[in-house]
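We did not get these values from a lab; they are worked out from the coordinates using the rules stated. No experiment lies behind these values; they were computed from the predicted model shown. Positions of Cβ are backbone-derived with ideal geometry, glycine not excepted, and every protein chain shown enters the neighbour counts.
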Amino acid sequence: MLRVPHMHTDVIKSYLSTVPRDVFSTMLGWEVEPKEVPVDPACNSRLELRGINGSIGFGGKMTATLFVSADESLARRMAQQVLGDPALESMHEICDVFGEITNMVAGGCKSRLCDNGMPVVMSIPNVIRGRALSATGRDVRFLVRVDFVVSASREEFSVVLFGKFE
Amino acid sequence: MHFISNFTRLAVVEVYNTMLSLQLDPRDLHEGNGLPQDPVNGVVGSVGFAGKISGTLYMKYSNSLACAVTERLIGVKPSSTEDAEVNDVIGEITNMVSGTMKGQASKMGYHGWLSTPVILKGEDIYVDGKGAPISSFSRFHVPIINDALDVWVFAKLDEGQ
């Protein structure tokens, strides 16, 4: 069973609920809304991931990894929107845009953490693709997940942060 | 060869020798653009690092290699890669390799923190380093088990004060 002060996970959840909304609004002009995700009482640190995933690590007062996880179809539409090319199909560019969106989400969370007495540093974004993907963290003391719905299309994506506080 | 590539290759050999009594044979090395990207059906151990050196290290295993390495370390053959012990072993090896590599980089002034070890599983797994300034791929032959271990590092160095 994961044991984390209640305040910390509530604060993390507030960041994960608001930062992606800001990023999607600014970068894509899209409205996205967080969904309620049932809390897993087993506090399992295994995540089922979607087809395309941006990943960034954090170190410092918090050791953690953040994932932004979406279906490839949504990632393609995101890249088409950001680059202004409705016919864009290049996986290289799709990954570039998805990695940059992930970087901005992580950066927004980092800023809030640092401003609130939890100095952290970020690694650089990578993009992971695959089928039947799952991720399991080691030495995980908290896991916060927020699912989002793109208001216009009802497509979904997830933002997850798991790790531990030092 | 970039020193990050060198430190990584040495770290992999050292950890496998120390932890598993396996003398890996480093073979292919690729750096820069156009790294080999064969999709993986199996297990990928990953650890990020952040600070004066930032990036992620990935160690890719076939399902059979992941189980064989786990058995060699703990003495019990896992029934599949879904066993928790596989996560523990792959995660620990990845953490040790990253820590060893980062430790060598720290001696050169590139200090950093490790992030959470993550074990990825699935099919057709591709990892894209998004054009990281330092991109490196190494393939090692794993003796006795007779399989290949692929290691990617995507990183950047903060040259500022």
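Per residue of B:86-95, what is the mean number of Cβ atoms on other protein chains within 10 angstrom of that residue's Cβ? Please report the intermediate quantities before stating the final value.
Working: counts 1, 5, 2, 0, 2, 4, 1, 0, 1, 2.
Shielding by partners across B:86-95 averages 2.
Could you work out the local net charge near B:ALA105, counting Lys and Arg as +1, Asp and Glu as -1, over the other residues with Cβ closer than 15 Å to its Cβ?
In short, +2.
Ignore the peptide's own chain and count Cβ atoms of other chains within 10 Å of each Cβ in B:47-55; give me the average, rounded. Don't skip to the answer; put the middle values down first.
Values: counts 4, 14, 5, 12, 5, 1, 1, 7, 4.
Taking the mean over all residues of the peptide, I get 6.
Could you tell me the relative contact order of chain A? Use alpha-carbon pairs under 8 Å, at least six residues apart, and round to a whole percent. Write down the numbers at each step before the final one.
Numbers: 306 pairs, mean separation 59.3, N = 166.
The normalised contact order for chain A reaches 36 percent.
Can you compute the FRET efficiency between A:LEU83 and A:ASP147 using 1/(1 + (r/R0)^6), with r the Cβ-Cβ distance and R0 = 41 Å? Round to the nearest 0.05.
0.95
Need the list of lysines near B:LYS107 for cross-linking: C-alpha distance under 29 angstrom, and skip anything on the same chain fewer than eight residues off.
A:LYS61, A:LYS110, A:LYS164, B:LYS52, B:LYS60, B:LYS130, B:LYS156
Give me the percent relative contact order of the range A:59-120, please, defined on Cα pairs under 8 angstrom at least 6 residues apart.
Details: 37 pairs, mean separation 25.9, N = 62.
In percent, rounded to a whole number, it is 42.
Between B:GLN23, B:GLN104, B:GLN37, find the one with the highest GNM mean-square fluctuation for chain B; connect C-alpha pairs within less than 10 Å.
Checking each option, the largest mean-square fluctuation is seen for B:GLN37.
For A:ARG50, enumerate residues with amide H under 5 Å from its amide H, sequence gap 5+ or separate chain, H modeled in the peptide plane.
A:ALA70
At a Förster distance of 25 Å, what's the computed FRET efficiency of A:PHE165 paired with A:ASP71, Cβ-Cβ distance as r, to 0.05? Don't jump to the answer; show the numbers that get you there.
Working: r = 32 Å, r/R0 = 1.26.
Result of the calculation: an efficiency of 0.20.
Could you work out which residue, out of B:GLY91, B:GLY122, B:GLY48, moves most in a Gaussian network model of chain B, that is, has the largest mean-square fluctuation with Cα springs under 10 Å?
Result: B:GLY122 has the largest fluctuation of those listed.
From the backbone phi of the range A:56-69, what are the Karplus-calculated ³J(HN,Hα) couplings (6.51 cos²θ - 1.76 cosθ + 1.60, θ = phi - 60°) in whole Hz, Gly and Pro given as x?
Computed from phi, the couplings for the range A:56-69 are 9, x, 10, x, x, 5, 10, 9, 7, 10, 10, 10, 10, 10 Hz.
Which residue fluctuates most in the GNM of chain B (Cα springs below 10 Å): B:THR116, B:THR100, B:THR56?
B:THR116
Listed highest first by mean packing, meaning other Cβ atoms within 10 Å per residue, what order do A:112-123, B:128-139 come in?
On the way: A:112-123: 16.8, B:128-139: 20.5.
Taking the mean over residues of other Cβ atoms within 10 Å, the ranking is B:128-139, A:112-123.
Can you pull out the GluC sites (Glu not before Pro) in the range A:66-161 that DSSP calls coil and that have at most 15 other Cβ atoms within 10 Å? Walk me through the numbers before you get to the answer.
Values: sites: A:GLU72, A:GLU89, A:GLU93, A:GLU100, A:GLU155, A:GLU156; in loops: A:GLU89, A:GLU155.
Passing sites in the range A:66-161 are A:GLU89.
Could you work out [θ]222 nm for chain A from helices alone, using -39500 (n - 2.57) per DSSP H run of at least four and dividing by all its residues? Round to the nearest 500 deg cm²/dmol.
Working: 3 runs with 60 residues, N = 166.
Here the helix-only value at 222 nm equals -12500 deg cm²/dmol.
Using amide H atoms built in the peptide plane, which far-off residues or other-chain residues are under 5 Å from A:ARG141 H to H?
When sequence neighbours closer than 5 places are left aside, the close amide H contacts are A:GLY163, A:LYS164.
Percent relative contact order of the range B:1-76, based on C-alpha pairs within less than 8 angstrom and at least six residues apart? Show your work: numbers first, answer last.
Values: 52 pairs, mean separation 16.8, N = 76.
Rounded, it is 22 percent for the range B:1-76.
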